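Reviewing the structure listed below.
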Amino acid sequence: MNQPGTDSLPDQLDVCIKQFSSAFDHCFDFVIRRFALPPGKEAALLYLEGIVDTTMLVRYVVEPLATASEPFHSMADVHHRMAVPNMERFHAFQDAAMGMSAGKAVLLLDGESEALAFEFCSWEKRNIEEPTSETVVRGPREGFVENVATNTSLLRRKLRHPDLKMERMTIGRYSQTEVVISYIQGIIEPHLVEEMQTRLQRIDVDGILESAYIEELIEDNPYSPFPQVGSTERPDTVAAALLEGRIAVFVGGTPFVLLAPNTFAMFMQASEDYYQRYYIASAVRMLRYLFTLIALLAPSIYVAVLSYHQEMIPSKLILSMSQSRESIPFPAFVEALLMEITFEALREAGVRLPKQVGAAVSIVGALVIGQAAIAAGLVSAPMVMVVAITGIASFLIPHYPAGISIRLLRFPIICLAGLLGLLGVMLSIILIIVHLTGLRSFGAPYLMPLAPFRLEGFKDLFVRAPRWLLTERPRLTGQRNARRQGTPQKPGPRNKGGLP
Amino acid sequence: MMRASVNRAGWRSGAYRSFLAALPLVLLLTGCWDRREVNDLAVVSAIGLDTDPNSRGIVISAQIFVPTPPSSTIGGAQGGGQMNSNVVVAAPGMDIADASQKLQEKLSRQLFWGHTKIIVFGEKLARRGINDMIDYLGRHPGPRERALVFVSEGKAAEKLGLGPLIESSSSENLREMAILRTGLHVTLLKLERESSRKEAIALPLVKSFETIGKVQTSVFPQGSAILKKGKMVGRIDDSETRGLMWATNAIRNGTLTIHLDKPGEMVSVSLYQCKSELIPSIRGDEWGIRIRASAEGNVVENISSLDMMDEKTILMLEKKFEAAIRKRIQSVLNPLQKQWKADAAGFGQAFHRKYPKPYEQAAADWDERYAQVRVSYDVHLLISRSGFTDKSLSR
């Protein structure tokens, strides 16, 4: 199988079949079906059972060939006369074998050093369902599936324009995963497409089983805890990203489509922000930023203040806190770590466990990190509250992987807070900000539009400005085709004076 | 541009690596030497300072919060049973630092001054002088600048030891009452500032009282102590304190009652939007202060035959109330000027602001000059509402 793909097919059918049989040795699903074409020409149809729709194959290939009134003279003749939409001519053995692995049926003719491949794939595929990781109250309910062709068709249905480009490539030595780069010509910066192609082409791994494989291999800074490539299961999110001049990468076998470049602000934007009234969307978005800070800092600030800066706690609070902490054997730092780790464990257990057991875990978890722990005198009530708030807060980040990053960063910050107090918290904030400002995603600064400062970008940062004000595309790596709508889009009655 | 960002040579350079390797060592340098758990703190909510009868030193007494762990029953997580309890611990010493060290030696937990909100000086100590104490309170990072300062009738330690009525501790009692602004509200910051600038200051006076029925003794601020050059020179009563508050623009609201000409007749107004300012003037050798005070009030009680719907009545009442306010201010300025020569109303400051040069010349014998300052009044009261009825309901 690992011979170079330039090996041409032998023109004798038997030799050719032997070559295929040896290549597909030990494959029970490899089928050779020999038959004769009308003038008595030997022919063979090779395919892998299960991934080829045999009914279709018989109806559209075998029957027309076997019952043709006029004789076929050559492969070119067959190709010319067959009424099958997806046909491909292979000259190299390697290509033909790969094609077969990808679900094609290969027709060989005696005396022809050429194979004709028909695509009658019958992959089992999932129905289009509501995406589970990004649900909305208002908005389209369709989500991507594992099939690239279905996914690209979902996108095509949203952007019906020839400028929507889809470039296909195959990655993965053994997985031969279908990867499609999609963008809108005229909006995208051409060098971005080039960059994406270069980064994808240099990937040389044995298999791509999820888009995360690719994500990890095309990131700008592989050491960063922050994801630099976005991912989504929602066709509308992909369409919106393409309209912003970004690029999408569809990967076969996963409903998650990659989006690049991706800035930090984009992780805070949920698709529903754009489907709700802008007041609500803005309020919710500010809430998200607030709770992101809480998710990142609440336990560490609690630890720092409680073990170094007791002056900062309101007097009445410290009195009740010192009461609740009176019987706690651990220092606040240990207590915080204990609780945070327990919470993460419960969360992980909840995700990983079968659904039937999940409920039990959450009940036990609520008791473990809730009442029982307090009653047993292991943790104090305020700590439980801080952990609970933090736990909830991190789920407010719409992009799940970004939320996980934030949650993980919490631990080193707690440690620094336990060591240095608020100084440690400040130190870690500074470190994170320094890191974020230096980070880039496909050339776009990660903290855009905060740093570098772009006032225009603030319309879609902490608030979501009304649609009619969002006249420009976000400035990421360049500015092609900057205006995204006609200027006077602000609605209102035509007659200001009243009824006409 | 993108290329450059993708491969950063800096990441792999030797210097960078050794820097990264050295970075964790920084953490070892600091450690948690100053970490203190809440359970290891003795939270001081109030301190009292008294004279030491046995020496020239002082006695410091601290009201310390005693946390009681919550009852460990499922459901009743917090707050059941007795919520708070306090103890007062005292220790003598040469100065505050010394005394608090002695105090620390008596306690199993580290004294924590960060929540000290009340500082009470015993009357004896106040008469001996508090200026030396202020230095510690201002210099040490522990006590809060927003702590409230009081002078107590008798020993401060005894007052701190009294139980609270409604609040969680007697110090909290005092604090909440000062916040109501029924009396003076002097923070440590204000005391520090004023004691360096002004020569006299009025501090609220803490007294004790007994409740009716089941007898409980508790504390409340009433009247104030006048301190001149850090030494207490005298006391003024509640109504004089109100007068002082009128003069210093410290008054916020209150109720004022006047007797009318006919015996047994009186009217009360509830005041709000009270304002006052001191307007100094120098004419030749005569220094004068005009106290311009204004307030609005609503009639809340009318025990007379007057008709509150009559504009003339209102105008007449306004005059009478203005006179009452004026009398109040006078009642405190008289002893301040003549008896103690203590400028607690801040005349000196007012002169200093408007006439810096003449004031500085007069500063040397300000006491004498202050006693001579002629005070004039410009009080204006507006009765804006007369309540729901016109005439008295009973007469």
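The values are calculated or read from the model by the stated rules, or taken from the named source; none is laboratory data. Quick caveat: nothing in here was measured; it's all calculated off a predicted structure. Every residue, glycine as well, gets a Cβ built from its backbone with ideal geometry; the counts of neighbours run over all protein chains shown. Heads up: the accessible areas ignore ligands, DNA and RNA and are worked out on the full protein's heavy atoms, side chains in. Shrake-Rupley method; radii C 1.70, N 1.55, O 1.52, S 1.80 Å.
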When 1/r is averaged over all different Cα pairs and the result inverted, which Kirkwood radius in Å belongs to chain A? 27.0
Skipping prolines and chain starts, which residues have an amide H placed within reach, meaning under 5 Å, of the one on B:Phe121, given they are 5 or more residues away or on another chain? B:Leu49, B:Phe150, B:Val151, B:Ser152
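Would you work out the Kirkwood radius for chain B? I mean one over the mean of 1/r across all pairs of different Cα atoms, in Å.
Details: mean 1/r = 0.0402 Å⁻¹.
24.9 Å is the Kirkwood radius here.
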Simple SL model, points at 7 angstrom along Cα→Cβ for A:Tyr289 and B:Gln101; separation in nm is 5.2
In whole percent, what relative contact order does the stretch B:250-395 give with Cα contacts below 8 Å and a gap of six or more residues? 32
Nearest-20 debye value, the stretch B:34-236 charge dipole, Cβ charges on Lys, Arg, Asp, Glu: 560
Partner chain Cβ atoms within 10 Å, averaged over the residues of A:304-313 - can you pull that number for me? 4
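For a distance above 23 Å, tell me the whole-number percent of Cα pairs in the stretch A:161-313 that qualify.
49
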Using DSSP to call loops (not H, G, I, E or B), can you name the GluC sites (Glu not before Pro) in the stretch A:318-425 whose Cβ has at most 16 other Cβ atoms within 10 angstrom? A:Glu326
If you project the alpha carbons of the stretch A:278-445 onto the principal axes, what extent comes out on each, in Å, largest first? 53, 46, 32
Summing -39500 (n - 2.57) over every DSSP H run of at least 4 residues in the protein assembly as shown and dividing by its residue count gives a helix-only mean residue ellipticity at 222 nm, to the nearest 500 deg cm²/dmol, of -11500 deg cm²/dmol
Enumerate the amide H contacts of B:Thr116 below 5 Å, restricted to partners 5 or more residues apart or on another chain; note that Pro and chain-start residues carry no placed amide H. B:Arg144
In chain B, which longest range has no chymotrypsin sites (Phe, Trp or Tyr not before Pro) that are both DSSP loop (not H, G, I, E or B) and surrounded by at most 12 other Cβ atoms within 10 Å? B:34-387
Using a Förster distance of 41 angstrom, determine the FRET efficiency expected from the C-beta separation of A:Val205 and A:Ile389, and round it to 0.05. 0.50
Toward the positive end of the charge dipole of chain A, about the Cα centre and with charges on Cβ (Lys, Arg +1; Asp, Glu -1), which of A:Phe120, A:Leu48, A:Pro227 goes farthest? A:Pro227
When chain B is modelled as a GNM with alpha-carbon springs shorter than 10 Å, which of B:Val300, B:Val373, B:Val215 fluctuates the most? B:Val215
Ignoring trypsin sites (Lys or Arg not before Pro) buried by more than 10 other Cβ within 10 Å or outside DSSP loops, the longest site-free run in chain A is A:278-493
With a cut-off of at most 15 other beta carbons within 10 Å, and DSSP calling the residue loop, which GluC sites (Glu not before Pro) in the stretch B:189-259 qualify? Please list them. none
Output the relative contact order of chain A, whole-number percent, from Cα pairs under 8 angstrom with separation of 6+ residues. 13
Residue-averaged beta-carbon neighbours from other chains (10 angstrom radius) around A:371-381: 3
What is chain B's relative contact order, in percent, from Cα pairs under 8 angstrom and six or more apart in sequence? 12
Estimated vicinal HN-Hα couplings, Hz - the stretch A:19-30 in sequence order (Karplus 6.51, -1.76, 1.60; Gly, Pro = x): 4, 5, 4, 6, 5, 9, 4, 6, 10, 5, 8, 7
Summed side-chain charge close to A:Gln485 - residues other than A:Gln485 whose Cβ falls under 15 Å, Lys, Arg +1, Asp, Glu -1: +2
Note, A:Leu469: beta-carbon cut-off 13 Å, +1 each Lys/Arg, -1 each Asp/Glu, net +3
Restricting the count to DSSP beta bridges whose residues both fall in chain B, what percent are antiparallel, rounded to a multiple of 5? 70
Report the net charge of residues surrounding B:Ser218, where surrounding means a beta-carbon distance below 15 angstrom and charges are Lys +1, Arg +1, Asp -1, Glu -1. -2
Can you list which of the trypsin sites (Lys or Arg not before Pro) found in the stretch B:135-184 are DSSP loop residues with at most 15 other C-beta atoms within 10 Å? B:Arg146, B:Arg181
Rank these by accessible area, largest first, 1.4 Å probe: A:His26, B:His115, B:His259, A:His309. A:His26, B:His259, A:His309, B:His115
With every protein chain in place, chain B: carbon and sulfur % of accessible area (1.4 Å): 53
Please state, as a whole number in µm²/s, the translational diffusion coefficient that the Stokes-Einstein equation yields for the protein assembly as shown at 20 °C and 1.002 mPa s, with Rh defined as the Kirkwood radius across alpha carbon pairs. 60
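Work out the FRET efficiency for B:Lys391 and B:Lys262 from their Cβ-Cβ distance, taking R0 = 22 Å, and round it to the nearest 0.05.
Computed FRET efficiency for B:Lys391 and B:Lys262 comes out at 0.90.
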For the stretch A:401-439, state which residues have at least 50 Å² less accessible area in the presence of all protein chains than in their chain by itself, taking the probe as 1.4 Å and leaving out ligands, DNA and RNA. A:Leu419
DSSP-defined beta bridges in the stretch B:280-386 - what % are antiparallel, rounded to 5: 25
Can you classify the stretch A:13-119 as rounded, prolate or oblate using the Cα gyration tensor, where a ≥ b ≥ c are the square roots of its eigenvalues, rounded means a/c under 1.5, and otherwise it's prolate if a/b beats b/c and oblate if not? prolate
For B:Met308, what residues show an amide H to amide H distance below 5 Å, using hydrogens built from the backbone and excluding near sequence neighbours? B:Lys391
What's the center-to-center distance, using Cα atoms, between the stretch A:151-182 and the stretch A:58-87 in Å? 30
State the Cα centre-to-centre distance between the stretch B:276-310 and the stretch A:359-421 in whole Å. 60
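Which number do you get for Rg(Cα) / (2.2 N^0.38 Å) in the stretch B:175-224? Can you show the working numbers first?
Details: Rg = 13.9 Å, N = 50, 2.2 N^0.38 = 9.7 Å.
With N residues counted in the stretch B:175-224, Rg over 2.2 N^0.38 Å equals 1.43.
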Rounded accessible area per residue of the protein assembly as shown, 1.4 Å, Å²: 49
Share of antiparallel DSSP beta bridges in the protein assembly as shown, in percent to the nearest 5? 80
